[in-house]
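In what follows, a structure is listed as structure tokens, so that the remarks can point back to it.
The values are calculated or read from the model by the stated rules, or taken from the named source; none is laboratory data. This structure is a prediction, so every number in the text was calculated from the model and none was measured. Here the Cβ positions follow ideal geometry from the backbone for every residue, glycine too, while neighbour counts run over all protein chains shown.
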Amino acid sequence: MTDAYPMLTVAILLDVDFDISLQMLQGVQHYARREPHWRLLPLRSTQENLLESLLRRQVLGGVIGAFLSDRWLQGLPGPPIPMVNIADHSDIRRVPSVIHDNRQVGRLAALHLLQQGFTTFGVVHESASFAARERRDAFIASLAHEGFAASEPPAVDSYAPDAGWPGWLGQLKRPCGLFGTSDHLARRLLQHIQARAADVPGDFGVVGVGNAPLDNLLARVPLTSIE
């Protein structure tokens, strides 16, 4: 007897970030337990060429992945198949997305620091990241709504994005609440603060995003993070 529901191969294009990839894979695997006819095919972020080859051969029934951009999606070969984006590298519009509410993340960071009693604020973000820009903009807007402004480090002509942070931190009025749009940035902020022999959270309160195990481990003080 022929199975009424043939096996459906669903490719999972993982993120460049290992922690995010692990969460992606675990989440999809958990859902796939309800779909006995799904065959999951995890692909590393560097296996884009393999994904394109599979699409040309028309052997995939769907793709769930950390897609780069609408332009990248438009260039994929083969007839259209169901796809879902689960990353916020850019503002994806060509396919449905299941992503964090990054503006809410920024609002929560502002609310937390306000509740801690800070009246001076700063923010650092990855300018190339769509998610980071959304978080940064919402953080600044939330503070402005309460009558406060957020300082940002000056742009510097350097390969090190934090080259201008020491001077910037030295100019901030203390106590100051700082928001890093990722745990990686928050941890780097903490390193610069510790190099100044400043107190956390007495002189600076720091909030990151992601609850990343590695950054929490490497931070010398507990890292407050929005998960």
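Of everything in region 6-23, what is modelled with pLDDT under 90, under 21 Å from residue 90 (Cα atoms) and of a type in the set (A, V, I, L, M)? Give them in sequence order. Within region 6-23, 20 is the sole residue that qualifies. Tell me yes or no: at least one residue of region 101-112 is in the same structural domain as residue 205 (by TED's automatic domain parsing), surrounded by 14 or more Cβ atoms within 10 Å (Cβ to Cβ), in contact with a Cys (Cβ under 6 Å, 6 or more places away or on another chain) and within 26 Å of residue 143 (Cβ to Cβ). No: zero hits.
Looking at the structure I just gave you, is residue 215 touching a helix residue (DSSP H, G or I) at 6+ places or on another chain (Cβ under 6 Å), within 26 Å of residue 104 (Cα to Cα), among the acidic types (Asp, Glu) and outside any helix (DSSP H, G or I)? Walk me through how you get there before you give the answer.
Numbers: touching a helix residue (DSSP H, G or I) at 6+ places or on another chain (Cβ under 6 Å): yes; within 26 Å of residue 104 (Cα to Cα): yes; among the acidic types (Asp, Glu): yes; outside any helix (DSSP H, G or I): no.
No, not satisfied.
Taken over region 19-51, the residue count meeting the criterion of being farther than 20 Å from residue 79 by Cα and either in contact (Cβ under 8 Å) with a residue 40 or more places away in the chain or part of a helix (DSSP H, G or I) (or both) is 14. Given the criteria touching a residue at least 12 places away in the same chain (Cβ under 8 Å) and assigned to a loop (DSSP other than H, G, I, E, B), does residue 54 qualify? So residue 54 fails the test.
There is no residue in region 77-85 that is over 18 Å from residue 97 (Cα atoms), modelled with pLDDT of 95 or more and of a type in the set (S, T, N, Q). Does residue 170 count as of a type in the set (Gly, Ala, Ser), outside the structural domain of residue 38 (by TED's automatic domain parsing), buried (at least 18 other Cβ atoms within 10 Å of the Cβ) and in contact with a Lys or Arg (Cβ under 8 Å, 6 or more places away or on another chain)? No; evaluated as a whole, the condition is false for this residue. Could you tell me whether region 112-125 includes any residue that is in contact with a helix residue (DSSP H, G or I) (Cβ under 6 Å, 6 or more places away or on another chain) and in a helix (DSSP H, G or I)? Among the residues of region 112-125, not one is in contact with a helix residue (DSSP H, G or I) (Cβ under 6 Å, 6 or more places away or on another chain) and in a helix (DSSP H, G or I), which makes the answer no.
Filtered by the rule that a residue be in a helix (DSSP H, G or I) and loosely packed, with under 14 Cβ neighbours inside 10 Å, region 126-149 gives 144, 145. Once region 119-149 is narrowed to residues that are more than 14 Å from the chain's Cα centre (by Cα) and hydroxyl-bearing (Ser, Thr, Tyr), the residue that is nearest to residue 89 (Cα to Cα) is 142.
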